[in-house]
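**Student:** Before I ask anything, let me first share the structure, which is written out below as structure tokens.
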Amino acid sequence: MLTQADHWLEFASTAVDLFLLCRVLLLRLQRVYLFITLACLLSVFFDVVHLSLYADPKGDSRVFVFSRFLFALIFPLAGWDVFEEMKPQIAKLRRVAIGKLISGLFFASIFGFLVSLFAQSTDTVNGGFGMLAILALVVWAGSSTATLGFLWTLHRATRAQNLERPHNTFVWIVFWELSLLAEVLSCFGFLVIPPRSIAFDIINLLFLAYSIAITIWCILKLRSVPSNVPSAPANASL
């Protein structure tokens with residue numbers, strides 16, 4: 001019964017992610033938030049793939065693992081995008097914080113590589129796929145943690161300096177901090193909770209409900225960007 005509830009909630013989560021993407025496009029937020037728009041698009045794409053592979057657990061697992069590598073790349077770019085409307089005010093702060101983000105990603109990649117080396121000697125699953133899954137989880141967790149730290153650093157810095165935050169900047173800060181916190185916790189959940197267990201189904205149900213709630217909040221709070229804000233191509237350089 002829990003598995004069936006999870007499945008129906010995954011349909012609801014996919015629909016909500018699609019609404020968020022449509023909201024971003026209708027408000028033309030992609031002009032400024034290019035990588036956030038890409039993250040929304042990929043979320044919908046992998047949601048649909050996951051649902052289409054419901055009867056093929058092995059194929060679904062492979063897609064999930066490879067998607068973690070892709071999201072590990074997208075999260076830092078989306079985190080950088082969050083403050084695009086404040087670019088002139090926090091240029092120096094953002095460049096300092098990006099150094100910490102890059103170092104966090106580097107150490108996460110090294111740690112993931114070392115973990116996968118230790119796992120390789122005992123990995124007999126699908127010709128090394130288990131090792132790849134462990135590496136994906138570690139890199140995914142490292143990217144989520146580093147990006148969350150980047151956002152929190154700039155969040156505190158802007159508050160400490162009493163900088164006025166545009167409406168959408170505040171919305172994206174809250175949304176991405178809450179989303180990345182869930183990503184980190186879910187990653188550790190995958191490592192310690194056996195799949196296809198009652199505990200796993202319950203945790204997955206809670207994470208889905210949490211994701212739906214914060215995404216709906218984000219959809220309702222987003223506003224169009226003032227016309228004087230530069231478009232994404234003008235803001236593309238770091």
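Bear in mind these aren't lab numbers, they're just calculated from the coordinates by the rules spelled out. Predicted, not measured: the structure shown is a model, and the values here were computed from it. A quick note on method: Cβ atoms are made from the backbone with ideal geometry, for glycine too, and the neighbour counts reach across all protein chains shown.
**Student:** Testing the spin-label approximation: label points 7 Å from Cα along Cα→Cβ at ALA15 and LEU205. State their distance in nm.
**Tutor:** 1.9 nm
**Student:** Next question. How far apart, in nanometres, would the label points at GLU164 and CYS22 be if each is projected 7 angstrom from Cα along the Cα-to-Cβ direction?
**Tutor:** 3.4 nm
**Student:** Right, here's the next one. Put a dot 7 Å past each Cα toward the Cβ at ILE193 and HIS7; how far apart are the dots in nm?
**Tutor:** Once both label points are built, they end up 1.9 nm from each other.
**Student:** Something else now. I'd like the distance between the alpha-carbon centres of the range 134-172 and the range 1-53, rounded to an integer number of Å.
**Tutor:** Measuring centre to centre over Cα atoms gives 21 Å.
**Student:** Among 13-19, 219-225, 49-55, what's the highest-first ranking by average C-beta atoms within 10 angstrom per residue?
**Tutor:** 13-19, 219-225, 49-55
**Student:** May I pose another question? Just to confirm a number: summing +1 for Lys and Arg and -1 for Asp and Glu over residues other than SER13 whose beta-carbon lies under 11 angstrom from that of SER13, what do you get?
**Tutor:** With Lys, Arg at +1 and Asp, Glu at -1, the neighbours total -4.
**Student:** Grab the Cα-Cα distance for LEU77 and ALA55, subtract it from 0.36 nm times how many residues apart they are, and report the gain in nm with one decimal.
**Tutor:** Extra length available between LEU77 and ALA55 comes to 4.6 nm.
**Student:** Additional query: So how do 175-186, 154-165 stack up, highest first, on mean other-Cβ count within 10 Å?
**Tutor:** Result, highest mean Cβ count within 10 Å first: 175-186, 154-165.
**Student:** Same structure again: Count charges around TYR54 for me, please; just the other residues with Cβ under 9 Å from its Cβ, Lys/Arg as +1, Asp/Glu as -1.
**Tutor:** Neighbour charge sum, excluding TYR54 itself: -3.
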